[in-house]
Amino acid sequence: MIKLKVPISEQDIRKLKVGDEVLLSGTIVTARDQAHKLMIEEKPDFIREYLKESVIYHCGPIVKKNDDGSWSFVSAGPTTSIREEPYQADVICEYNVRGVIGKGGMREKTLEGLKKCGAVYFHAVGGAGTLIANSVKKVKTVFKLEEFGSPEAFWVIEVEDFPVIVTMDSHGNSLHEKILEQSGKTAEELIK
Amino acid sequence: MDLKQSFVELLRRAATDLSPDVENALKQAHDREEDGSPAKAVFRTILENVRLAREQSTPMCQDTGSLIFYIDLPVGEKEEYYINIIKEAAEEATKKQYLRPNAVNPITGKNSGNNVGINAPYFHFHQWDKGEVRVRLMLKGGGSENVGTQYKLPYGPVHAGRDLAGVRKVIIDAVYKAQGLGCAPGTLGIGIGGDRVTSYALSKEQFFRKLGDRNPDKEIAEFELSLKDDLNKLNIGPMGFGGKTTVLDVFVGYQHRHPATFYVAISYMCWAFRRKTMTIKNGEVYYD
């Protein structure tokens, strides 16, 4: 098990390989469909300092507003990453992001982006909403809450020992491509 | 009995308390994987998450899904009465964070914020001869719903003809294509025959069966079991990491079709297979 703390240097991220189990700590940012669209179309600066050498989490959480006005994460597993495939590589390079957490993996364009700009894809366990919310220690701030709604907002959160597995690294390797190829061969045999 | 609170409790249970048949199937799947494999690590995380969600009374998955209600009513009871109370209960359950706001207006893009909207929650009503009300609730996440699909046989790409062998081929095709997208290991609901609408409806209703339940038609029961075996040979595994369990079970239903059509609807349920039943009888409420 590898312990990593945000901010992560390019050198450290390039050490990671497919299959590595990682416990991630530090400040990361949730972003999904509307946030990615915005980051490509308008390249807003408000999120820049939080993304630099940090990690984007594909997640639409359930969040609770506490009596003192602060927020807590109640359930926060990953959402399907492939929807961000058209945007991801450009977002990584534009904002100097070191990693993306999601589920299901991503395809060629993102894999190229990881290689080019020095980043990895971390896979979290889909559906493990409560367990992951327990590793969110603090909600630091939120952007676009009113406009996008709670699931789509940029939540800036501090996590401690968030469990993930590297399934796409910065050297062009992808566990998802491997499984796709193997299962494709089996499916062909079964269908014959 | 406070009926609204009883429905809030039904929603809470569905979102936070995985049913024993599903949890047991996940435990068995965990035990089958090799020590030290990513697949085993995934199952360990899933089971730990299920335990924590139950203990903390928080949703096991943040996508608490679309709210789909199947309600059986005695003769003379009004649908409207239940619709109104359930909408109030959904609003309260959302406020209590048992549910994420998941009803979005497709024209304005605005989230209603309380899970209530046009056709949300979604209701199927049936009248029956019993004197009790049965409410069956399914929470179905968006990721798993997106990989649901409907084939029209014959289907050229996998040479699937208009027979059970053809049905088998398109199901294998669908599960191959769903990898990484629906939170495997999934459970499949299959509807064979009917029109476009009823084929999907039949496939989804299968999810109220308990894992291990077999179709009373012997040929279909054997078909379900052999499909489950074949699909697990794909080795897609939990989360698509590779592994011995790709599906927890396969449920098949069929209905008569028009001579010119042959639809196969495939609904995919993620591992967080959330459904609960509530019965209202003589003023008392029972949950299963």
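The values are calculated or read from the model by the stated rules, or taken from the named source; none is laboratory data. Small disclaimer: the values here were computed from a predicted structure and weren't measured. With ideal geometry, Cβ positions are generated from the backbone for all residues, glycine too; neighbour counts draw on all protein chains shown.
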>> Here's a check for you: in the stretch B:22-38, which residue that is within 12 Å of chain A (Cβ to nearest Cβ) and not in a helix (DSSP H, G or I) is surrounded by the most Cβ atoms within 10 Å (Cβ to Cβ)?
In response: B:S37
>> Could you check the stretch B:61-99 and list, in sequence order, the residues that are in a loop (DSSP other than H, G, I, E, B), away from chain A (no Cβ under 14 Å) and either in contact (Cβ under 8 Å) with a residue 40 or more places away in the chain or in contact with a helix residue (DSSP H, G or I) (Cβ under 7 Å, 6 or more places away or on another chain) (or both)?
In response: B:V75, B:E77
> Within the stretch A:139-159, restricting attention to residues that are assigned to a loop (DSSP other than H, G, I, E, B) and either in contact with a helix residue (DSSP H, G or I) (Cβ under 8 Å, 6 or more places away or on another chain) or of a type outside the set (G, A, S) (or both), which residue is surrounded by the most Cβ atoms within 10 Å (Cβ to Cβ)?
Replying inline: A:A153
>> Being of a type outside the set (G, A, S), within 14 Å of another protein chain (Cβ to nearest Cβ) and in contact (Cβ under 8 Å) with a residue 60 or more places away in the chain is the requirement here; does A:P61 meet it?
In response: yes
> If B:A221 passes every condition in (1) of a type in the set (G, A, S); (2) free of Cβ contacts under 8 Å to residues at least 12 places away in the same chain; (3) in contact with a Phe, Trp or Tyr (Cβ under 7 Å, 6 or more places away or on another chain) but one, which one does it miss?
Replying inline: (3)
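The rows are residues; the columns are (1) within 21 Å of A:G60 (Cβ to Cβ); (2) in contact with a strand residue (DSSP E or B) (Cβ under 8 Å, 6 or more places away or on another chain); (3) basic (K, R).
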| position | (1), (2), (3) |
| --- | --- |
| B:E77 | no, yes, no |
| B:Y82 | no, yes, no |
| B:I85 | no, no, no |
| B:K95 | yes, no, yes |
| B:L99 | yes, yes, no |
| B:N102 | yes, yes, no |
| B:G113 | yes, no, no |
> Just checking, how many residues over the stretch A:146-170 are farther than 23 Å from B:G143 by Cβ and within 13 Å of chain B (Cβ to nearest Cβ)?
Replying inline: 3
>> Here is a check on your reading of the model: is B:A41 under 16 Å from the mean Cα position of the chain (by Cα), farther than 22 Å from B:G142 by Cα, crowded, with 18+ Cβ neighbours inside 10 Å and not β-branched (V, I, T)?
In response: no
> Could you list, in sequence order, the residues of the stretch B:144-200 that are within 9 Å of chain A (Cβ to nearest Cβ) and free of Cβ contacts under 8 Å to residues at least 24 places away in the same chain?
Replying inline: B:V158, B:H159, B:A160, B:K169, B:D173
> Name the pairs whose Cβ atoms lie under 6 Å apart, with the first residue in the stretch B:105-125 and within 19 Å of B:E92 (Cα to Cα), the second assigned to a loop (DSSP other than H, G, I, E, B) and of a type in the set (A, V, I, L, M), and 6 or more positions between them or separate chains?
Replying inline: B:S112/B:A103; B:N115/B:L99; B:N115/B:A103; B:G117/B:A103; B:A120/B:A103
> Do you know which of the residues in the stretch A:1-53 that are under 28 Å from B:G143 (Cα atoms), of a type in the set (S, T, N, Q) and surrounded by fewer than 22 Cβ atoms within 10 Å (Cβ to Cβ) is farthest from the chain's Cα centre (by Cα)?
Replying inline: A:Q34
>> Please go through (1) more than 9 Å from chain B (Cβ to nearest Cβ); (2) more than 20 Å from A:G26 (Cβ to Cβ) for A:I191 and return the number of the only condition it doesn't satisfy.
In response: (1)
>> So, B:V133, is that one within 12 Å of chain A (Cβ to nearest Cβ) and either closer than 20 Å to B:P59 by Cα or at pLDDT 95 or above (or both) or not?
In response: no
> at pLDDT 95 or above, β-branched (V, I, T) and closer than 19 Å to B:T245 by Cα, is that true of B:V22?
Replying inline: yes
> Inside the stretch B:65-120, can you point out the residues that are of a type in the set (D, E, K, R) and within 17 Å of B:F7 (Cβ to Cβ)?
Replying inline: B:D72, B:E77, B:K78, B:E79, B:E80, B:K87, B:E88, B:E91, B:E92, B:K95, B:K96
> Of A:G104, A:G118, A:G99, A:G113, which residue is at pLDDT below 95 and buried (at least 16 other Cβ atoms within 10 Å of the Cβ)?
Replying inline: A:G104
> Quick one: in the stretch B:139-164, which of the residues that are under 19 Å from B:D195 (Cα atoms) and assigned to a strand (DSSP E or B) is nearest to the chain's Cα centre (by Cα)?
Replying inline: B:T149
